[in-house]
1. Out of all the residues in the stretch 54-66, is one or more in a helix (DSSP H, G or I) and in contact with a helix residue (DSSP H, G or I) (Cβ under 8 Å, 6 or more places away or on another chain)?
2. Filter the stretch 91-114 down to the residues that are under 10 Å from residue 18 (Cα atoms) and at pLDDT 90 or above and list them by number.
3. Being surrounded by 15 or more Cβ atoms within 10 Å (Cβ to Cβ) and within 20 Å of residue 16 (Cβ to Cβ) is the filter here; which residues of the stretch 130-171 pass it?
4. For the stretch 112-129, which residues satisfy the criterion of being over 17 Å from the mean Cα position of the chain (by Cα), assigned to a helix (DSSP H, G or I) and surrounded by 13 or more Cβ atoms within 10 Å (Cβ to Cβ)?
5. Looking at the stretch 49-59, which of its residues are buried (at least 19 other Cβ atoms within 10 Å of the Cβ) and over 20 Å from the mean Cα position of the chain (by Cα)?
């Protein structure tokens, strides 16, 4: 492989990374909306994102007014979606919109069919269980920011994604 081919392969967007950025950005935008209307820390308690990530002060408040933290966190989410969409537009056959419209069928195929292999099906179920656990627990407890729930969610999703990536690398 020549040096220019090697360099261009490093600079080419990754489908997996682009999809992950778009999904992560969607989650950040979702948390921003929840935080603005009902409070993501718990019902009636809003997360102050800068304090949450820096750990400098109490990361929550009962004051539901719009603050700079909301704008910054929402902009980060939109930026992540934009980066993911840009990468998918370059690498996916039908671009970002095609990827997005095909996502439901791709998810149902991965969960309900073992055509792509049992390992791929198991990895898909780990991701689905992690996401379902996070969404259901957060909705029932009315808090969307909980380190304990994140730790369970992160382990299930990361193992699912990791197993899926290993399976694809073998093929």
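1. No.
2. Answer for the stretch 91-114, where residues must be under 10 Å from residue 18 (Cα atoms) and at pLDDT 90 or above: just 96.
3. Taking the stretch 130-171 and keeping what is surrounded by 15 or more Cβ atoms within 10 Å (Cβ to Cβ), we get 130-131, 133-134, 137-138, 142-146, 149, 152-153, 156-157, 159-161, 163-164, 167.
Matches in the stretch 130-171: 130, 131, 153, 156, 157, 159, 160, 161, 163, 164, 167.
4. 119, 120, 121, 122, listed by residue number.
5. Across the stretch 49-59, the qualifying residue is only 59.
The values are calculated or read from the model by the stated rules, or taken from the named source; none is laboratory data. Bear in mind that the values here come from a model prediction, so they are computed numbers and not experimental data. Note: ideal-geometry Cβ built from the backbone for every residue, glycine included; neighbour counts use all protein chains shown.
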